[in-house]
Amino acid sequence: MGIDTTINNIPALTWNWLKINNAPFSYSAAMNAAGSAVKGTVPAGVSYTADADAEADAYRGIETGAGKNTDSIFETTAGHTALIKAEKNVHVSAPVRIDFTQDDRSSTVSAQIIRAEEGSSITVILVYTSGKRASGFQAVRTICSAGKNAYIHLVKVQLLGSSFTQIDDTGTVCEEGGRVEVTQIILGGKETYAGVAAALPSYQSSFKSDTAYLCLNGQKLDMNYVVRHTGRKTDSKMSVKGTLRDTTAKTYRGTIDFKKGCAGATGNEQEETLLLSPTVVNKSIPLILCDEEDVAGEHGATIGRLGEDTLFYMQSRGISKKSAEQIMARAKVTSAASLIPDESVVTLILTYLDKAFTYE
Amino acid sequence: MNSSWEREAVRLMSDANDSGKTQVNDIDRSIYDFRYDEKDFYRNDPGLTEEIVSKLSDDKHDPAWMKEFRLKSLAIYNELKLTNWGPDIGDLHMEHIATYVRPNTKMQGDWKDVPQDIKDTFEKLGIPEAERTSLAGVGAQYDSELVYHNVRDEVAKQGVVYTDFESALWGPYADMIREHFMHLVTPRDHKFAALHGAVWSGGSFVYVPKGVHLTFPLQSYFRLNAKGAGQFEHTLIIVDEGADLHFIEGCSAPKYNVANIHAGCVELYVAKNAHLRYSTIENWSKNMYNLNTKRAKVEEGGTIEWVSGSFGSHVSYLYPESDLVGERARAEFTGITFAGSGQNLDTGAKMVHKAPHTSSVITTKSISKGGGISTYRSAVYIAKNAAGSKASVSCQSLMLDSNSRSDTIPAMEVLTDDVDVGHEAKIGRISNEAVFYLMSRGISEEEARSMIVSGFANPVSKELPLEYAVEMNNLIRLEMKGTL
């Protein structure tokens with residue numbers, strides 16, 4: 001199948017000359033559905049269904065970050081959508097881990113639904129890897145549904161080869177008091193399109209995301225994060241931190257959308273971008289859309305290279321400029337990685353990072 | 001009570017108690033909302049055709065190049081589509097709009113020669129008085145043409161040129177006009193820039209010679225009295241090397257039940273080490289489509305400062321752009337937008353850094369009430385060659401009720417690493433604690449809310465000349481009436 005469309009569409013358009021309203025995307029090679037097998041044993045209190053088409057119908061229509069224009073890609077996964085469910089009132093302490101090890105020149109599509117029943121909690125970790133210089137295409141769609149007072153922590157770690165293109169699409173929804181947290185680390189691939197949409201339709205539901213990235217050597221990263229506050233006293237926090245070096249390009253779209261009736265809602269998004277080469281391209285557009293009076297929304301962004309004070313401090317302690325930059329770039333990733341409750345995954349990230357971020 | 005504007009409200013309260021008066025007096029809405037018949041006025045046919053544009057050009061005795069420019073602009077207008085973003089302007093039908101309405105008078109240099117009804121209009125708006133007390137020169141446009149233009153002798157003696165645009169087209173500055181007219185804002189920029197190119201009329205030309213510093217501002221005031229008409233004035237200002245100017249633009253119109261359009265164009269050239277402050281208080285009537293375009297080009301070491309208050313209009317698209325083309329060029333934009341019932345105001349600024357060590361600061365406040373929609377939209381663009389540049393954006397929005405809407409859409413594009421770009425935005429409502437605090441000291445709730453909003457707007461009003469700051473506070477107070 002082929003696709004030629006725009007993805008990661010922004011909820012409110014602005015000047016077209018900025019080329020930030022969406023990301024054009026086209027792909028023409030065949031795509032194959034891939035399963036989502038759990039690594040190791042499935043923890044107690046979790047039910048896992050490899051082909052959950054019947055259950056998947058109940059979750060259709062949930063907004064995702066990459067958007068409806070990617071639906072045709074994910075139709076490929078019919079019969080291969082995995083359902084990971086935490087039973088009612090069960091707090092699953094061990095994370096559920098799913099590894100996607102991509103072959104060179106592979107082209108795969110997979111989908112997962114994570115459901116936490118009332119009062120339960122679960123962490124699901126998805127790790128995408130391939131050979132260092134492997135090429136190919138991967139599309140992943142993950143839907144998270146947190147029941148009343150339930151908690152889902154979704155971790156996505158992208159360590160693909162240097163010629164991979166990836167669409168990592170996420171949609172979340174919470175019932176009353178429910179909470180979803182998304183931790184996303186993006187280090188690999190040639191082109192990555194990451195989209196997250198979070199719906200907060202219920203009283204005191206909440207969402208938090210922590211994203212960290214490093215773009216080197218021609219990598220391109222395009223992100224679209226959208227939080228829709230509909231329920232009363234809902235809360236969202238989004239943090240995006242990363243580094244651009246060499247001839248790389250990053251686009252970040254972040255939207256907090258306060259819908260009418262979400263009285264008492266609060267939303268906050270923060271972005272930090274470290275720029276290390278004069279050939280980088282950085283685009284950012286943090287939006288707040290507000291249709292309700294009784295809310296508090298904030299966003300902030302800092303974009304630039306390493307501050308002179310910080311650099312001076314480090315150099316005065318014998319650290320070279322290059323090392324100082326590497327330390328700061330690493331810190332942006334490790335702050336998000338520290339939220340991952342699986343030491344082996346953290347080690348995998350740091351090893352990848354140290355290998356990738358070396359100077360000539 | 002954490003925010004600076006809440007503290008400012010308390011300061012205002014303290015000042016009020018000292019003076020025994022809580023606020024400046026109310027103003028009568030009739031100051032803006034009055035109208036006169038178009039007695040003996042010339043009005044062209046409504047619509048936008050080649051014949052209408054040709055006749056307009058002939059009537060105005062344009063040079064040949066200008067007529068050709070108008071017709072080319074019309075072709076571009078017909079070719080360009082409306083934007084796919086921003087407020088809906090589907091109810092604006094150009095086929096019903098008269099693009100040229102000429103009052104039955106020539107431009108005068110003495111108020112006593114201006115027809116009585118027109119003179120009364122500007123008297124009510126306080127223009128002659130302001131001229132006497134605090135301005136270096138005044139231009140007053142009524143519908144499509146300037147009816148009064150004057151500049152103080154001592155200012156003229158310094159070589160400052162401040163004249164109507166039509167005279168400038170034929171006078172000693174004709175070549176300068178041709179060299180600069182619609183070169184910063186081209187008809188290709190967007191549909192309404194093309195419309196302006198086709199039917200522009202009126203406006204001012206200002207030239208401040210090298211090294212001249214004007215101690216008093218110049219002011220142009222634009223009044224659209226005609227029903228179902230458009231105003232398309234062109235303002236071209238050139239501030240030469242090391243010179244300094246403060247230019248004030250005011251605009252208003254009476255309210256009609258049919259659409260009016262304002263598609264003016266402002267082009268500002270700020271030369272090396274020159275300084276220009278461009279202040280605007282816009283209070284168009286609430287049937288107005290305000291589709292104005294403003295742009296400044298700033299050379300090495302030059303500074304452009306925009307101070308902007310947007311209170312009127314049914315729909316506004318307004319984003320003054322600063323093109324920083326010389327090293328160390330600097331731009332500041334300070335603006336406030338107040339969107340009330342029936343208004344959809346899409347405002348903001350664009351900062352384009354095209355040279356090293358340039359800097360820009362955007363500070364905006366927006367207020368929405370009574371079902372009004374306020375959108376803050378901005379773009380900060382830092383080109384590859386603009387190393388060492390700095391940009392800072394701060395926007396705050398205040399929602400006064402749940403019928404209103406406020407959006408913030410700031411974009412940043414950075415093409416080099418040696419930059420320092422910061423952005424912050426906040427949106428919220430008046431805190432109950434601040435209102436309670438003021439009420440506990442004997443201030444009514446309505447007064448308290450009004451004072452808090454004035455405090456919120458203070459960073460903008462303090463940048464305006466005193467009389468305009470008072471006018472702005474009056475407008476805020478007027479808008480706040482009956483919000484409880």
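The values are calculated or read from the model by the stated rules, or taken from the named source; none is laboratory data. Values in this document were obtained by computation on a predicted structure and should not be read as measured data. Here Cβ is always computed from backbone atoms with ideal geometry, including for glycine, and neighbour counts include all displayed protein chains. Surface accessibility is based on the protein's heavy atoms, side chains included, excluding ligands, DNA and RNA. Shrake-Rupley method; radii C 1.70, N 1.55, O 1.52, S 1.80 Å.
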Among the numbered criteria (1) modelled with pLDDT of 95 or more; (2) more than 21 Å from A:LEU18 (Cβ to Cβ); (3) touching a Ser or Thr at 6+ places or on another chain (Cβ under 6 Å); (4) crowded, with 19+ Cβ neighbours inside 10 Å, which single criterion is violated by A:GLY297? (3)
I'd like the full set of residues that are of a type in the set (Asp, Glu) and at pLDDT below 95, limited to segment B:397-413. B:ASP401
Quick count over segment A:160-189, residues being assigned to a strand (DSSP E or B), over 13 Å from the mean Cα position of the chain (by Cα) and of a type outside the set (Val, Ile, Thr), is 4
Within the bounds of segment A:229-237, is there any residue that is under 14 Å from the mean Cα position of the chain (by Cα) and either under 22 Å from A:ASN282 (Cβ atoms) or at pLDDT 95 or above (or both)? yes
Of the listed residues (A:VAL280, A:VAL226, A:VAL240), the one being β-branched (Val, Ile, Thr), open to solvent by less than 10 Å² (accessible area, probe 1.4 Å), within 14 Å of chain B (Cβ to nearest Cβ) and farther than 20 Å from A:ALA66 by Cα is A:VAL280
Leading residue by the ranking (nearest to B:LYS60 (Cα to Cα)) among those in segment B:170-212 that are part of a loop (DSSP other than H, G, I, E, B) and open to solvent by less than 10 Å² (accessible area, probe 1.4 Å): B:SER201
Give segment B:388-404 a look and list any residue that's within 7 Å of another protein chain (Cβ to nearest Cβ) and open to solvent by 30 Å² or more (accessible area, probe 1.4 Å), or say none. B:ASP401, B:SER402
Considering residues that are over 15 Å from the mean Cα position of the chain (by Cα) and open to solvent by 10 Å² or more (accessible area, probe 1.4 Å), the number found within segment B:249-286 is 11
Within segment A:77-94, can one find any residue that is exposed (fewer than 13 other Cβ atoms within 10 Å of the Cβ), part of a loop (DSSP other than H, G, I, E, B), more than 14 Å from chain B (Cβ to nearest Cβ) and at pLDDT 85 or above? yes
Any chance you could count how many residues in segment B:437-463 are assigned to a helix (DSSP H, G or I) and open to solvent by less than 20 Å² (accessible area, probe 1.4 Å)? 12
Which listed residue is farther than 18 Å from A:CYS290 by Cβ, open to solvent by less than 10 Å² (accessible area, probe 1.4 Å) and among the β-branched types (Val, Ile, Thr), from A:THR234, A:THR211: A:THR211
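For every residue, the table says whether it meets (1) out of contact with any strand residue (DSSP E or B) (no Cβ under 9 Å at 6 or more places or on another chain); (2) among the polar types (S, T, N, Q); (3) modelled with pLDDT under 95; (4) under 13 Å from B:VAL208 (Cβ atoms).
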position: B:ASN150; (1), (2), (3), (4): no, yes, yes, no
position: B:GLU154; (1), (2), (3), (4): yes, no, yes, no
position: B:PHE165; (1), (2), (3), (4): no, no, yes, no
position: B:TRP170; (1), (2), (3), (4): yes, no, yes, no
position: B:GLU179; (1), (2), (3), (4): yes, no, no, no
position: B:HIS183; (1), (2), (3), (4): no, no, no, no
position: B:PRO187; (1), (2), (3), (4): yes, no, no, no
Does any residue in segment A:302-314 that is more than 8 Å from chain B (Cβ to nearest Cβ) come within less than 7 Å, Cβ to Cβ, of a residue that is part of a helix (DSSP H, G or I) six or more places away or on a different chain, and which pairs are these? A:LEU306/A:ALA324; A:LEU306/A:GLU325; A:LEU306/A:MET328; A:LEU311/A:LYS321; A:LEU311/A:ALA324; A:MET314/A:ALA324
(1) within 30 Å of B:PRO356 (Cβ to Cβ); (2) small (Gly, Ala, Ser); (3) without any contact (Cβ under 8 Å) to a residue 40 or more places away in the chain all hold for B:GLY442 apart from (1)
Being within 11 Å of another protein chain (Cβ to nearest Cβ), under 22 Å from A:ILE288 (Cβ atoms) and open to solvent by 10 Å² or more (accessible area, probe 1.4 Å) narrows it down to one residue among B:ASP418, B:ASP407; which is it? B:ASP407
Just checking: which of the strands (runs of 3 or more DSSP E) contained wholly in segment A:99-153 hold 1 or more residues that are in contact with a Cys (Cβ under 7 Å, 6 or more places away or on another chain)? A:106-116, A:135-146
Only one of (1) touching a residue at least 60 places away in the same chain (Cβ under 8 Å); (2) out of contact with any helix residue (DSSP H, G or I) (no Cβ under 9 Å at 6 or more places or on another chain); (3) open to solvent by less than 40 Å² (accessible area, probe 1.4 Å) does not apply to A:PRO11, and that is (3)
Looking at the structure I just gave you, is A:ALA56 crowded, with 19+ Cβ neighbours inside 10 Å and free of Cβ contacts under 8 Å to residues at least 60 places away in the same chain? yes
Where a residue in segment A:248-276 is more than 9 Å from every other protein chain (Cβ to nearest Cβ) and touching a residue at least 60 places away in the same chain (Cβ under 8 Å) and its partner, wherever it lies, is outside any strand (DSSP E or B) and open to solvent by 20 Å² or more (accessible area, probe 1.4 Å), with Cβ under 6 Å and at least six apart: A:THR255/A:PRO11; A:CYS262/A:THR230
Can you pull out the residues in segment B:335-353 that are hydroxyl-bearing (Ser, Thr, Tyr) and surrounded by fewer than 24 Cβ atoms within 10 Å (Cβ to Cβ)? B:SER341
How many residues are closer than 30 Å to A:PHE25 by Cα, open to solvent by less than 10 Å² (accessible area, probe 1.4 Å) and under 21 Å from the mean Cα position of the chain (by Cα) if we restrict to segment A:116-138? 7
